[in-house]
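Data first, discussion second: the structure below is written as structure tokens.
The values are calculated or read from the model by the stated rules, or taken from the named source; none is laboratory data. As the structure is a prediction and not an experimental result, all values here were calculated from the model. Note: ideal-geometry Cβ built from the backbone for every residue, glycine included; neighbour counts use all protein chains shown. Surface areas here come from the heavy atoms of the whole protein model, side chains and all, with no ligands, DNA or RNA. Shrake-Rupley method; radii C 1.70, N 1.55, O 1.52, S 1.80 Å.
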Amino acid sequence: MGNPMTEQTQTSNATPSEQDNTGKKSDIIRVEGMHKWYGDFHVLKDLNLTVAQGERIVICGPSGSGKSTFIRCINRLEEHQQGKIIVDDVELTDDVRQIDTVRREVGMVFQHFNLFPHLTVLENCCLSPIWVRKIPRKEAEATAMEYLERVKIPDQALKYPGQLSGGQQQRVAIARALCMKPKIMLFDEPTSALDPEMIKEVLDVMIELAGSGMTMLCVTHEMGFAKTVADRVIFMDGGEIVEEAPPHEFFTNPREARTQKFLQQILAH
Amino acid sequence: MAESTMKPPKKALSPVKWMREHLFSTWYNALLTLAVGYLLVTSVGPLLNWLLFEANFQGQDASDCTGAGACWLFISQRLNFFIYGFYPDELQWRVDAMFLLLAIAFVPQFIERFPGRKWLGIFGMTGLPIIGYFLIPGGTFGLEVVESTKWGGLMLTLILAYIGILASLPIGILLALGRRSEMPIIRGLSVVFIEVWRAVPLITVLFMASVMLPLFLPEGVNFEKLARALIGITLWQSAYMAEVIRGGLQAIPRGQYEAADALGLGYWRKMGLVILPQALKMVIPGIVNTFISLFKDTTLVLIIGLFDVLGTVQSTVTDPAWQNVAIEGYVFVAFCFWVFCFGISRYSQNLERKLDTGHKT
Ligand SMILES: Nc1ncnc2c1ncn2[C@@H]1O[C@H](COP(=O)(O)OP(=O)(O)OP(=O)(O)O)[C@@H](O)[C@H]1O
Ligand SMILES: [Mg+2]
């Protein structure tokens, strides 16, 4: 079947317990005792997190709590100074080859889209598959068109990013990341630079992606999204993971006082 | 729909109305118009007379220049020297062939719909210098050797400018990348290189290249004065080029670097496919400015005894056989430079327009 996301659905949903020969789901991300400083400023403090394959995690927290910094450490856009980060059995160290290996398997979507303005939508999507994965151009373009169809903008393939709306650009950015066939997708506030009427079209794409069994880490303040798709919600404050719970529990019965305060503020709007 | 067929109101002005609106709208505007008009009338006429109507085009030598205007005879009689320098007459076809190739590669660049002009341009930057490398000096393929001391005139100017331009761009790119590198040694070396070369006048560089460099080179190693001048000009200009390009690199938002990193492109592909195409496009005016100044700076090789087009004219106007032809000579030189520099400028404007993908982001 020519539908890339459905294929993933089948492999991951049909055999959830067979992914590891020990019987439990394999951990695709392991963060152990991770610290990070910006100069003297201690941004991330002793973070521990394991993410199983196919798990969908939403990270929230007040501004400046280190959410972006944290998920950017996972593909080493930022380096950590202490502790361990292991992604798909590769530990992130100074070794450039290991970093490149991890980045090939981890797609990222940014708040400000960061599409390449000098390339068309299709070229944006094909760039990395062609140059990094060494996929023949024809094949890469066919795959890119499939993903552009999934995000519902195949008709914009030959336009330049500057000619698209914000919501369309963000969907292209998602398609571009997916074209690398990543095992993990990171989202850093993908909807917070968008006008309200465009948020939904991006969230719809993300919800569909979540349904396909993709491992997702998503920094967002869209609590509706967290409730519908997240397996776990993580609340960060002051560089620490304060609370970690399934969404139902997180929203109805938060344990920590800081979480309660944050939820009150956010739900008040 | 009715609205969709509506056109914006036409604003056609009669010439008289146009003049009243643009040239005589206020009393000071009118005064300025009259003053400029007076200057034009009194200067353009005599200028045209000198350049064309009273100029001398036919004859054999200085004695045939009897008219009151310019003695263009001087240019046409010595044209061979101005173009080829001392390049032997019977071998000048080699230079002509290069001129022809140059025209084939670059003239189509000005014609929007010329088929395959991109490939011609690529040929101009790769095949053409290689052919020139064998054809002009000779010595291989049974071609008779022509010492570089015999090269001169416009041909020498073009060789200096062409190689300078072709080499200073990639060196400048590497230096700019080096200066922004995270590796301290590479960054340090780039900074030192750029700051040293930029702080030295080109004349000094040329003197050093022709006088001092041989003193430092080991015994027996001696490469030609022309090659030394060329290296000096190229390195000097690449320091400028590096700073122009660095400006472009700095203007690229951090998100572009991060997106390229997140896609796993790695350093060279990130730079080559994402960052440099945008950065270079942004600084085309600065790059072209550097090219044009390099083109004109090649005249300075005069002082180390190389005869570029200015040098050949300079040495001829002092020839006792031709009296009072200095103005004609310099006008000719100015015209040569103007043609090429204007061409470079026009081409860059074409390029800018073509590369503009109209982004709002
Ligand atoms: N490059 C940097 N240098 C120094 N400090 C930084 C840097 N980037 C971020 N910080 C600081 O680190 C802290 C965490 O930043 P981060 O961007 O991770 O927060 P965030 O939780 O994503 O916030 P927001 O919701 O506003 O995006 C902030 O206090 C910020 O000021
Ligand atoms: Mg953030």
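Would you check if there is a residue in segment A:104-113 being away from ligand 1 (no atom under 16 Å from the Cβ) and either hydrophobic (A, V, I, L, M, F, W, C) or within 25 Å of A:PHE41 (Cα to Cα) (or both)?
Narrowing segment A:104-113 to residues away from ligand 1 (no atom under 16 Å from the Cβ): A:104-107.
Going one step further and asking which of them are either hydrophobic (A, V, I, L, M, F, W, C) or within 25 Å of A:PHE41 (Cα to Cα) (or both), we end up with A:106.
Within segment A:104-113, one or more residues are away from ligand 1 (no atom under 16 Å from the Cβ) and either hydrophobic (A, V, I, L, M, F, W, C) or within 25 Å of A:PHE41 (Cα to Cα) (or both).
Among the listed residues B:THR312, B:THR299, identify the single one that is within 17 Å of the chain's Cα centre (by Cα) and at negative phi. So that I can check it myself, show each step before the final result.
On the way: B:THR312 fails: within 17 Å of the chain's Cα centre (by Cα).
Just a single option satisfies the conditions, and that option is B:THR299.
How many of the residues making up segment B:258-278 are buried (at least 18 other Cβ atoms within 10 Å of the Cβ), over 15 Å from A:VAL96 (Cβ atoms) and more than 7 Å from chain A (Cβ to nearest Cβ)?
Of the residues in segment B:258-278, 2 are buried (at least 18 other Cβ atoms within 10 Å of the Cβ), over 15 Å from A:VAL96 (Cβ atoms) and more than 7 Å from chain A (Cβ to nearest Cβ).
Test A:GLU141 against the stated conditions and say whether it is free of Cβ contacts under 8 Å to residues at least 40 places away in the same chain, in a helix (DSSP H, G or I), open to solvent by 20 Å² or more (accessible area, probe 1.4 Å) and away from chain B (no Cβ under 12 Å).
Judged against the criteria, A:GLU141 is a match.
Looking at (1) buried (at least 22 other Cβ atoms within 10 Å of the Cβ); (2) away from chain B (no Cβ under 13 Å); (3) in a strand (DSSP E or B), find the lone condition where A:ILE86 falls short.
(1) is the only condition that A:ILE86 fails.
Of all the helices (runs of 4 or more DSSP H) wholly in segment B:279-361, which have at least 1 residues that are within 14 Å of another protein chain (Cβ to nearest Cβ)? Explain how you work it out, then say what you get.
On the way: elements: B:284-297, B:309-317, B:326-355.
Passing ranges, in order: B:284-297, B:326-355.
If you check A:GLU208 against the conditions, is it open to solvent by less than 30 Å² (accessible area, probe 1.4 Å) and away from ligand 2 (no atom under 16 Å from the Cβ)?
Details: open to solvent by less than 30 Å² (accessible area, probe 1.4 Å): no; away from ligand 2 (no atom under 16 Å from the Cβ): yes.
Spelling it out, it is not the case that A:GLU208 is open to solvent by less than 30 Å² (accessible area, probe 1.4 Å) and away from ligand 2 (no atom under 16 Å from the Cβ).
Just a yes or no: is a residue in segment B:63-73 of a type outside the set (A, V, I, L, M), under 26 Å from the mean Cα position of the chain (by Cα) and surrounded by 14 or more Cβ atoms within 10 Å (Cβ to Cβ)?
Yes, segment B:63-73 has at least one match.
Picking from A:ASP95, A:ASP100, which residue would you name as being of a type in the set (Asp, Glu), within 9 Å of chain B (Cβ to nearest Cβ) and surrounded by fewer than 23 Cβ atoms within 10 Å (Cβ to Cβ)? Give the steps one after another, and end with the answer.
Numbers: A:ASP95 fails: within 9 Å of chain B (Cβ to nearest Cβ).
Step by step, each of A:ASP95, A:ASP100 is checked, and only A:ASP100 is of a type in the set (Asp, Glu), within 9 Å of chain B (Cβ to nearest Cβ) and surrounded by fewer than 23 Cβ atoms within 10 Å (Cβ to Cβ).
Here is a list of conditions, (1) exposed (fewer than 15 other Cβ atoms within 10 Å of the Cβ); (2) closer than 30 Å to B:GLY153 by Cβ, and B:ASN29 meets all of them except one; can you say which number that is?
Every condition holds for B:ASN29 apart from (2).
If you scan segment A:48-71, which residues turn out to be more than 13 Å from A:ILE184 (Cα to Cα), under 14 Å from the mean Cα position of the chain (by Cα) and within 10 Å of ligand 1 (Cβ to nearest atom)?
Across segment A:48-71, the qualifying residues are A:ILE59, A:CYS60, A:LYS67, A:SER68, A:THR69, A:PHE70.
Taking A:PRO247 and the conditions (1) within 16 Å of ligand 1 (Cβ to nearest atom); (2) surrounded by fewer than 21 Cβ atoms within 10 Å (Cβ to Cβ), which numbered condition does it fall short on, given that it satisfies the others?
(1)
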